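Report on the structure given below.
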Amino acid sequence: MSTSPLALSYEPEELTDSPIELAVVQVQYTTIMSIPTNEALLAAFQERVRDLYPFLSVGQQGIITVSSQNVEQQPTTRVFQFMDINQQWTVTLSADSIALETRNYTTFSEFSNRLLKILAAANEVYSLRDKRHL
């Protein structure tokens with residue numbers, strides 16, 4: 001029985017001098033207005049991620065849509081950024097998405113494990129719903 005080259009197993013390689021400047025993944029969900037407005041739920045989410053991301057900053061996000069006919073500005077909303085102690089990993093939480101980014105990408109395993117942890121925390125607190133499956 002022959003094995004396809006695509007089915008070969010491999011050992012993940014740690015990138016000690018990674019050529020990746022910035023790795024980002026964003027997961028979108030249906031808008032949850034309690035994210036920017038409910039401090040108790042935000043505190044519950046923070047408690048779930050605080051060991052990895054102890055620093056919190058609050059900002060504003062606005063969207064401007066430019067077309068050949070007009071320029072449209074949507075109202076701004078609060079966004080929350082949780083950073084690790086070295087400020088190399090950042091989680092950004094908003095009413096309609098959560099993102100993970102790093103400037104210290106070394107392995108897919110670490111990146112995906114961190115992503116799964118923040119998604120689990122967000123789902124526990126906010127019961128996320130995928131936009132595409134409603």
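A few remarks follow.
- All distinct Cα pairs of the stretch 71-134 go into the 1/r average, and the inverse of that average, the Kirkwood radius, is 13.5 Å.
- With every protein chain in place, the stretch 37-88: carbon and sulfur % of accessible area (1.4 Å): 49 percent
- Local electrostatic count, THR102, Cβ distance below 11 Å [Lys/Arg +1, Asp/Glu -1]: -2
- Per residue, in Å², the accessible surface of the stretch 60-134 once ligands and nucleic acids are set aside, probe 1.4 Å: 62 Å²
- Computed over the stretch 30-134: relative contact order in percent, which uses C-alpha pairs under 8 Å that are six or more apart: 28 percent
- Net charge contributed by nearby residues that have their C-beta within less than 10 Å of LEU52 (K/R +1, D/E -1): +2
The values are calculated or read from the model by the stated rules, or taken from the named source; none is laboratory data. All of these numbers come straight from a predicted model, not from anything done at the bench. Cβ atoms come from the backbone with ideal geometry, glycine included; neighbour counts cover every protein chain shown. We work out accessible area using only protein heavy atoms, side chains counted, and drop any ligands, DNA or RNA first. Shrake-Rupley method; radii C 1.70, N 1.55, O 1.52, S 1.80 Å.
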